[in-house]
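**Q** Okay, here's the structure, questions in a sec.
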Amino acid sequence: MYHEIKTERLLLRPFTPEDLEAVCQYTLDRENTRYTIWLPHRDRAETARYLETAAEDWRRDPPLSYEFAVTLDGTVIGGVSVALTEDRTAAELGWIINRRYWKRGYATEAALAARDFALRELKLRRLFAHCDARNRDSYRLMERLGLKLEDDTGTRTYEDTGETARELTYAMTIEQQENEG
(Lines give C-alpha, C1' and ligand atoms only; values in the text may rest on other atoms or scores of the structure.)
Protein backbone atom coordinates (compact mmCIF):
# COMPACT_ATOMS: atom_id res chain seq x y z
CA MET A 1 0.00 0.00 0.00
CA TYR A 2 1.35 3.42 -0.92
CA HIS A 3 -0.29 6.65 0.08
CA GLU A 4 0.52 10.30 -0.51
CA ILE A 5 -1.15 13.28 1.08
CA LYS A 6 -0.82 16.71 -0.48
CA THR A 7 -1.36 19.87 1.52
CA GLU A 8 -1.01 23.50 0.51
CA ARG A 9 2.80 23.44 0.84
CA LEU A 10 3.76 19.87 1.70
CA LEU A 11 3.72 16.34 0.36
CA LEU A 12 3.46 13.52 2.89
CA ARG A 13 4.65 10.17 1.57
CA PRO A 14 6.13 6.95 2.92
CA PHE A 15 9.79 7.13 3.90
CA THR A 16 12.36 5.46 1.63
CA PRO A 17 15.98 4.39 2.29
CA GLU A 18 17.06 7.37 0.16
CA ASP A 19 15.75 9.67 2.91
CA LEU A 20 18.50 8.60 5.32
CA GLU A 21 20.65 11.75 5.10
CA ALA A 22 17.73 14.12 5.58
CA VAL A 23 16.24 12.08 8.42
CA CYS A 24 19.61 11.88 10.21
CA GLN A 25 19.70 15.69 10.26
CA TYR A 26 16.94 15.68 12.88
CA THR A 27 17.08 12.19 14.47
CA LEU A 28 20.72 12.62 15.51
CA ASP A 29 20.33 16.24 16.66
CA ARG A 30 19.92 16.50 20.47
CA GLU A 31 18.39 19.97 20.34
CA ASN A 32 15.90 18.91 17.67
CA THR A 33 14.86 15.85 19.68
CA ARG A 34 14.96 17.41 23.17
CA TYR A 35 11.37 16.45 24.06
CA THR A 36 11.04 13.37 21.86
CA ILE A 37 10.75 10.16 23.85
CA TRP A 38 12.32 7.74 21.30
CA LEU A 39 15.02 10.07 19.98
CA PRO A 40 17.79 10.99 19.44
CA HIS A 41 19.06 7.97 17.60
CA ARG A 42 22.54 6.85 18.60
CA ASP A 43 23.88 6.66 15.05
CA ARG A 44 23.06 6.52 11.35
CA ALA A 45 22.54 2.75 11.55
CA GLU A 46 19.70 3.21 14.05
CA THR A 47 18.05 5.73 11.74
CA ALA A 48 18.46 3.33 8.80
CA ARG A 49 16.75 0.59 10.86
CA TYR A 50 13.91 2.99 11.65
CA LEU A 51 13.44 3.71 7.93
CA GLU A 52 13.39 -0.02 7.16
CA THR A 53 10.83 -0.68 9.89
CA ALA A 54 8.68 2.15 8.53
CA ALA A 55 8.86 0.60 5.04
CA GLU A 56 7.94 -2.82 6.45
CA ASP A 57 4.91 -1.29 8.18
CA TRP A 58 3.70 0.12 4.87
CA ARG A 59 3.95 -3.36 3.31
CA ARG A 60 1.58 -4.88 5.88
CA ASP A 61 -1.98 -5.40 4.72
CA PRO A 62 -3.27 -3.27 6.27
CA PRO A 63 -0.49 -1.30 7.98
CA LEU A 64 -0.60 -0.89 11.74
CA SER A 65 1.55 2.24 11.55
CA TYR A 66 1.75 4.94 8.89
CA GLU A 67 5.08 6.81 9.00
CA PHE A 68 5.01 9.70 6.53
CA ALA A 69 8.00 11.71 5.37
CA VAL A 70 7.07 15.39 5.41
CA THR A 71 8.52 16.93 2.26
CA LEU A 72 8.79 20.53 1.13
CA ASP A 73 9.70 21.02 -2.53
CA GLY A 74 11.10 17.48 -2.60
CA THR A 75 13.20 17.86 0.57
CA VAL A 76 12.41 15.77 3.64
CA ILE A 77 11.94 18.22 6.52
CA GLY A 78 10.42 15.86 9.08
CA GLY A 79 8.00 13.08 9.74
CA VAL A 80 4.45 12.55 10.92
CA SER A 81 2.94 9.28 12.08
CA VAL A 82 -0.37 7.57 12.74
CA ALA A 83 0.25 4.51 14.93
CA LEU A 84 -2.86 2.40 15.34
CA THR A 85 -3.83 0.48 18.45
CA GLU A 86 -4.06 -3.31 18.08
CA ASP A 87 -7.85 -3.16 17.71
CA ARG A 88 -7.49 -0.49 14.99
CA THR A 89 -10.11 1.83 16.52
CA ALA A 90 -7.68 4.50 17.75
CA ALA A 91 -4.26 5.88 16.92
CA GLU A 92 -1.48 7.95 18.35
CA LEU A 93 -0.39 10.94 16.30
CA GLY A 94 3.25 11.98 16.32
CA TRP A 95 5.40 14.50 14.47
CA ILE A 96 8.87 15.94 14.26
CA ILE A 97 10.22 18.70 12.03
CA ASN A 98 13.87 19.47 11.36
CA ARG A 99 14.60 22.54 13.51
CA ARG A 100 15.82 24.42 10.44
CA TYR A 101 12.13 24.56 9.48
CA TRP A 102 10.56 25.37 12.87
CA LYS A 103 8.15 28.28 13.40
CA ARG A 104 6.74 28.20 9.85
CA GLY A 105 3.59 26.14 10.45
CA TYR A 106 4.86 22.95 8.80
CA ALA A 107 4.24 20.75 11.85
CA THR A 108 0.67 21.99 12.11
CA GLU A 109 0.04 21.51 8.40
CA ALA A 110 1.47 17.98 8.43
CA ALA A 111 -0.28 16.96 11.67
CA LEU A 112 -3.65 18.27 10.43
CA ALA A 113 -3.24 16.21 7.27
CA ALA A 114 -2.36 13.11 9.32
CA ARG A 115 -5.35 13.72 11.61
CA ASP A 116 -7.71 14.01 8.66
CA PHE A 117 -6.23 10.89 7.06
CA ALA A 118 -6.75 8.95 10.31
CA LEU A 119 -10.33 10.07 10.75
CA ARG A 120 -11.55 9.97 7.15
CA GLU A 121 -9.63 7.16 5.53
CA LEU A 122 -8.90 4.89 8.47
CA LYS A 123 -12.28 5.60 10.10
CA LEU A 124 -10.78 5.82 13.57
CA ARG A 125 -12.94 6.65 16.57
CA ARG A 126 -10.21 8.18 18.75
CA LEU A 127 -6.91 10.01 18.28
CA PHE A 128 -4.41 10.81 20.99
CA ALA A 129 -0.96 12.34 21.37
CA HIS A 130 1.56 12.74 24.18
CA CYS A 131 4.17 15.36 24.97
CA ASP A 132 6.54 16.54 27.66
CA ALA A 133 4.67 19.18 29.69
CA ARG A 134 7.57 21.61 29.08
CA ASN A 135 7.05 21.39 25.30
CA ARG A 136 4.59 24.25 24.88
CA ASP A 137 4.80 24.19 21.08
CA SER A 138 3.74 20.55 21.00
CA TYR A 139 0.73 20.82 23.27
CA ARG A 140 -0.37 24.01 21.52
CA LEU A 141 -0.25 22.10 18.24
CA MET A 142 -2.41 19.36 19.81
CA GLU A 143 -4.94 22.02 20.75
CA ARG A 144 -4.93 23.37 17.18
CA LEU A 145 -5.68 19.82 16.01
CA GLY A 146 -8.79 19.80 18.18
CA LEU A 147 -7.40 17.45 20.81
CA LYS A 148 -8.29 18.17 24.42
CA LEU A 149 -6.18 17.67 27.50
CA GLU A 150 -7.12 14.26 28.88
CA ASP A 151 -4.40 13.61 31.47
CA ASP A 152 -1.68 15.80 32.96
CA THR A 153 -0.47 13.35 35.60
CA GLY A 154 1.63 11.00 33.48
CA THR A 155 5.39 10.74 33.54
CA ARG A 156 7.92 9.87 30.89
CA THR A 157 11.49 8.72 31.16
CA TYR A 158 13.99 9.62 28.47
CA GLU A 159 15.89 6.50 27.50
CA ASP A 160 19.17 8.20 26.61
CA THR A 161 19.47 10.34 29.78
CA GLY A 162 17.21 8.65 32.35
CA GLU A 163 15.59 12.05 32.94
CA THR A 164 11.92 12.00 33.94
CA ALA A 165 9.33 14.63 33.13
CA ARG A 166 5.61 15.19 33.43
CA GLU A 167 3.73 13.92 30.38
CA LEU A 168 0.54 15.36 28.94
CA THR A 169 -1.98 13.28 27.02
CA TYR A 170 -4.35 14.98 24.62
CA ALA A 171 -7.14 13.16 22.79
CA MET A 172 -10.25 13.50 20.70
CA THR A 173 -13.03 11.16 19.76
CA ILE A 174 -14.93 11.26 16.52
CA GLU A 175 -18.02 12.25 18.52
CA GLN A 176 -16.18 15.30 19.90
CA GLN A 177 -15.18 16.40 16.42
CA GLU A 178 -18.72 15.97 15.07
CA ASN A 179 -20.22 17.94 17.97
CA GLU A 180 -17.71 20.77 17.66
CA GLY A 181 -17.50 20.82 13.88
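The values are calculated or read from the model by the stated rules, or taken from the named source; none is laboratory data. What you see is a predicted model; the values in this text were computed from it and never measured. As a convention, Cβ positions derive from the backbone with ideal geometry for all residues, glycine included, and neighbour counts pool all protein chains shown. What goes into the accessible areas is simple: the full protein's heavy atoms, side chains included, and nothing from ligands, DNA or RNA. Shrake-Rupley method; radii C 1.70, N 1.55, O 1.52, S 1.80 Å.
**Q** If ARG34 satisfies every condition in (1) part of a loop (DSSP other than H, G, I, E, B); (2) farther than 30 Å from THR173 by Cα; (3) open to solvent by 50 Å² or more (accessible area, probe 1.4 Å) but one, which is the exception?
**A** Here ARG34 meets the rest and fails (2).
**Q** Is there any pair with a first residue in segment 45-64 that is at negative phi and a second that is among the aromatic types (Phe, Trp, Tyr) and part of a loop (DSSP other than H, G, I, E, B) whose Cβ atoms are under 8 Å apart and which are 6 or more apart or on different chains, and what are they?
**A** Taking only residues 6 or more apart or on different chains, the pairs are LEU51/PHE15; ALA54/PHE15; ALA55/PHE15; TRP58/TYR2.
**Q** Output the residues belonging to segment 102-129 that are part of a loop (DSSP other than H, G, I, E, B) and either of a type in the set (A, V, I, L, M, F, W, C) or touching a residue at least 40 places away in the same chain (Cβ under 8 Å) (or both).
**A** At the first step, the residues of segment 102-129 found to be part of a loop (DSSP other than H, G, I, E, B) are 102-105, 122-125.
Within segment 102-129, TRP102, LEU122, LEU124, ARG125 qualify.
**Q** Could you figure out which of (1) crowded, with 18+ Cβ neighbours inside 10 Å; (2) in a loop (DSSP other than H, G, I, E, B) isn't true of ILE96?
**A** Looking at each condition in turn, ILE96 falls short on (2).
**Q** Exactly one condition in (1) part of a loop (DSSP other than H, G, I, E, B); (2) over 18 Å from ARG34 (Cβ atoms); (3) open to solvent by 30 Å² or more (accessible area, probe 1.4 Å) is false for ALA83; which is it?
**A** (1)
**Q** For segment 3-31, how many residues are in a loop (DSSP other than H, G, I, E, B) and either surrounded by fewer than 18 Cβ atoms within 10 Å (Cβ to Cβ) or free of Cβ contacts under 8 Å to residues at least 24 places away in the same chain (or both)? Full working, then the answer.
**A** To start, the set of residues in segment 3-31 that are in a loop (DSSP other than H, G, I, E, B) comprises 3-4, 7-10, 15-16, 28-31.
Still in the list and also either surrounded by fewer than 18 Cβ atoms within 10 Å (Cβ to Cβ) or free of Cβ contacts under 8 Å to residues at least 24 places away in the same chain (or both): 3-4, 7-9, 16, 28-31.
Total satisfying the criteria: 10.
**Q** Could you say which residue among LEU119, LEU147, LEU112, LEU141 is surrounded by 14 or more Cβ atoms within 10 Å (Cβ to Cβ), on the phi < 0 side of the Ramachandran plot, in contact with a helix residue (DSSP H, G or I) (Cβ under 6 Å, 6 or more places away or on another chain) and of a type in the set (A, V, I, L, M, F, W, C)?
**A** Values: LEU119 fails: in contact with a helix residue (DSSP H, G or I) (Cβ under 6 Å, 6 or more places away or on another chain); LEU147 fails: in contact with a helix residue (DSSP H, G or I) (Cβ under 6 Å, 6 or more places away or on another chain); LEU112 fails: in contact with a helix residue (DSSP H, G or I) (Cβ under 6 Å, 6 or more places away or on another chain).
When all the criteria are applied, what remains is LEU141.
**Q** Only one of (1) open to solvent by less than 70 Å² (accessible area, probe 1.4 Å); (2) modelled with pLDDT of 95 or more; (3) not in a helix (DSSP H, G or I) is not met by ARG166, so which one is it?
**A** Condition not satisfied by ARG166: (1).
**Q** Let me ask something additional. Residues that are in a loop (DSSP other than H, G, I, E, B), in contact (Cβ under 8 Å) with a residue 24 or more places away in the chain and either more than 25 Å from CYS24 (Cα to Cα) or small (Gly, Ala, Ser) (or both): does segment 130-141 have at least one? If you could, list the steps in order and put the result at the bottom.
**A** Quick first cut of segment 130-141, residues in a loop (DSSP other than H, G, I, E, B) only: 133-135.
Keeping just the survivors that are in contact (Cβ under 8 Å) with a residue 24 or more places away in the chain gives 133-135.
From what's left, either more than 25 Å from CYS24 (Cα to Cα) or small (Gly, Ala, Ser) (or both): 133.
Yes, the conditions are met somewhere in segment 130-141.
**Q** For a quick check of your reading of the model, give me the residue pairs whose first member lies in segment 66-80 and is under 13 Å from ALA111 (Cα atoms), whose second is assigned to a strand (DSSP E or B) and among the acidic types (Asp, Glu), with beta-carbon atoms closer than 7 Å and at least 6 apart or on different chains.
**A** GLY79/GLU67
**Q** What do you reckon, is ALA69 open to solvent by less than 10 Å² (accessible area, probe 1.4 Å) and in a helix (DSSP H, G or I)? Walk me through it before giving the result.
**A** Details: open to solvent by less than 10 Å² (accessible area, probe 1.4 Å): yes; in a helix (DSSP H, G or I): no.
So ALA69 does not fit the description; no.
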